[in-house]
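Working notes, structure below.
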Amino acid sequence: MRKHIVAGNWKMNNDLAMTESLITELKKQAQTSNAEVMIAPTFTNLWHAFEALRNSKIEVVAQNMHFAESGAYTGEVSADMLKSVGVQTVILGHSERRAYFNETDDMLAKKVDAALNNKIRVIFCFGEELADRKAGNHEAIVESQIKNGLFHLKANAFERIVLAYEPVWAIGTGETASPEQAQEMHAFIRKTLTNKYGKEVADSVSILYGGSVKPNNAKEIFSKPDVDGGLIGGAALKAEDFYAIVNAF
Ligand code: PEP
């Protein structure tokens with residue numbers, strides 16, 4: 001049975017005081033679903049968040065990391081540093097990282113390796129831009145992002161991989177892929193995994209959808225058979241909205 005996961009990507013939002021108060025609000029929410037819940041605060045607040053959530057079911061995850069173990073990479077954060085503050089999962093390949101920080105498939109493949117070598121679970125993000133979808137290239141783009149970032153891995157590495165399909169045109173725009181579009185792409189992703197690694201591996205990997213998931217659309221999106229959860233941006237910044245999504249399963 002695949003895990004249901006709802007992960008909140010806080011992006012570059014929330015200073016220390018705001019992190020504290022949002023965590024206080026999150027702790028007041030009742031969880032009625034079986035989804036694994038994660039939040040991804042900014043680097044500077046990871047340790048504080050980890051401490052504040054030590055006895056809760058909410059996992060604290062990172063939004064990014066560098067592929068090198070250590071060294072002259074000013075401004076970067078390594079897998080080891082993340083582990084030292086309790087982080088066991090990292091988001092890699094978010095479209096904002098790809099677009100604004102020139103993260104390439106090659107770089108992401110190295111980051112994936114670095115995370116896995118350090119026993120850190122990866123939420124690997126990918127997705128097409130609007131022009132790709134309009135041109136009918138969305139499946140080819142997604143397939144190449146997955147192949148280039150992940151297909152050098154052995155099958156057992158997928159025990160530590162979660163996929164997140166995030167059509168770029170739906171992130172932070174209020175536009176959502178319809179539940180049918182999400183299902184169609186998620187089924188395609190699973191087929192791509194099946195072709196390379198076989199059905200057992202493909203069926204075991206959780207595939208999250210991200211892109212303007214809100215309390216009013218989460219239930220329908222999550223009702224699709226190949227959608228195993230959500231990566232949530234804007235709606236993760238309000239405890240009630242986030243838990244309405246968590247509880248949509
Ligand atoms: C995201 O940043 O991963 C995301 C899905 O954002 P939003 O929910 O705001 O579209």
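Answer with yes or no whether residue 45 is free of Cβ contacts under 8 Å to residues at least 40 places away in the same chain, out of contact with any strand residue (DSSP E or B) (no Cβ under 7 Å at 6 or more places or on another chain) and not basic (Lys, Arg). Yes: the conditions hold for residue 45. Figure legend. Inter-residue proximity from the stretch 187-200: first residues on the phi > 0 side of the Ramachandran plot, second residues aliphatic (A, V, I, L, M) and at pLDDT 95 or above, beta-carbon distance below 8 Å, spacing 6+ or different chains. Indicated pairs: 198/155. Being at pLDDT below 95 and closer than 21 Å to residue 122 by Cα holds for only one residue in 38, 1, 12, and it is 1. Residue 223 falls short on exactly one of the conditions (1) of a type in the set (Ser, Thr, Tyr); (2) closer than 21 Å to residue 12 by Cα; (3) open to solvent by 50 Å² or more (accessible area, probe 1.4 Å), and that condition is (2). If you go through the stretch 116-140 and keep only what is within 16 Å of the ligand (Cβ to nearest atom) and buried (at least 21 other Cβ atoms within 10 Å of the Cβ), you end up with 122, 123, 124, 125, 126, 127, 128.
The values are calculated or read from the model by the stated rules, or taken from the named source; none is laboratory data. Worth saying up front: this structure is predicted, and the values here are computed from it rather than measured. Ideal geometry is used to build each Cβ from the backbone, glycine not excepted, and the neighbour counts take in all protein chains shown. Accessible surface is based on the protein model in full, side chains and every heavy atom, while ligands, DNA and RNA are left aside. Shrake-Rupley method; radii C 1.70, N 1.55, O 1.52, S 1.80 Å.
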